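Colleague: Just passing along the structure, written as structure tokens.
Just so it is clear, none of the values below were taken in a lab; they were calculated from the coordinates. Keep in mind it's a predicted model, so treat the numbers as computed, not measured. Neighbour counts run over all protein chains shown; Cβ positions are idealised from the backbone, glycine included.
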Amino acid sequence: MTNRISLGKVTELPAGSGVRVEHGDHRVAVFRVGDSIYAIGDRCSHAEASLADGELFDLAVECPRHGSEFDLETGQPGSFPATRSVPVYEVVIEQDEAFLLIADDGEAAE
């Protein structure tokens, strides 16, 4: 089963910066780019810094601690020192409200 966590209205999510969402033991960084919402694991795979606090560049976020960039669509690192990807979570938008989908086991829902 999949949990649907309301993120609120799309227009209320800040553009160009991240928001940290916690569900159970999981932290998720949520970003609004235009009318699209992206959600990835909030912990940098290199040093566990919060990616929600990172700087956004197009569809990538830069880790605030050591500068690794992570693709918002794939979770793949685009630069060192990170070499492992972070989870990517599905977000659905219904009537201008965004919902984060997380499987019961805490993994990204795909």
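Colleague: Mind pulling the per residue volume of the convex hull built on the Cα atoms of the stretch 36-88? Å³ is fine.
Modeller: Values: hull volume 3.3 nm³, N = 53.
For the stretch 36-88, the hull spanned by Cα atoms encloses 61 Å³ per residue.
Colleague: Would you calculate the separation in nanometres between label points at Asp25 and Glu90, each defined as 7 Å from the Cα along the Cα-to-beta-carbon direction?
Modeller: Going from the Asp25 label point to the Glu90 one covers 2.4 nm.
Colleague: Roughly how many nanometres apart are two label points built 7 Å out from the Cα toward the Cβ at Ala103 and Thr83?
Modeller: That separation, rounded to one decimal, is 2.6 nm.
Colleague: What share of the DSSP beta bridges in the stretch 1-68 is antiparallel, in percent to the nearest 5? Kindly include the intermediate steps, with their values, before the conclusion.
Modeller: Numbers: 16 of 17 bridges.
Beta bridges within the stretch 1-68, antiparallel portion: roughly 95 percent.
Colleague: Next question. Show me 87-95, 26-34 ranked by packing, highest mean number of other Cβ atoms within 10 Å first. Can you show the working numbers first?
Modeller: Details: 87-95: 15.4, 26-34: 19.3.
Going from most to least packed, we get 26-34, 87-95.
Colleague: Related question: Can you grab the distance from the C-alpha centre of the stretch 43-110 to the C-alpha centre of the stretch 8-36, Å, no decimals?
Modeller: 10 Å
Colleague: Of Leu51, Leu13, Leu72, which has the largest mean-square fluctuation in a 10 Å C-alpha GNM of the chain?
Modeller: Leu13
Colleague: Mind checking the full-extension length gain between Asp53 and Arg4? Use 0.36 nm per residue of separation minus the Cα-Cα distance, one decimal, nm.
Modeller: In short, 15.3 nm is gained.
Colleague: Can you pull the Kirkwood radius for the chain, inverse mean 1/r over Cα pairs, to one decimal in Å? Walk me through the intermediate numbers first.
Modeller: Working: mean 1/r = 0.0734 Å⁻¹.
So the Kirkwood estimate lands at 13.6 Å.
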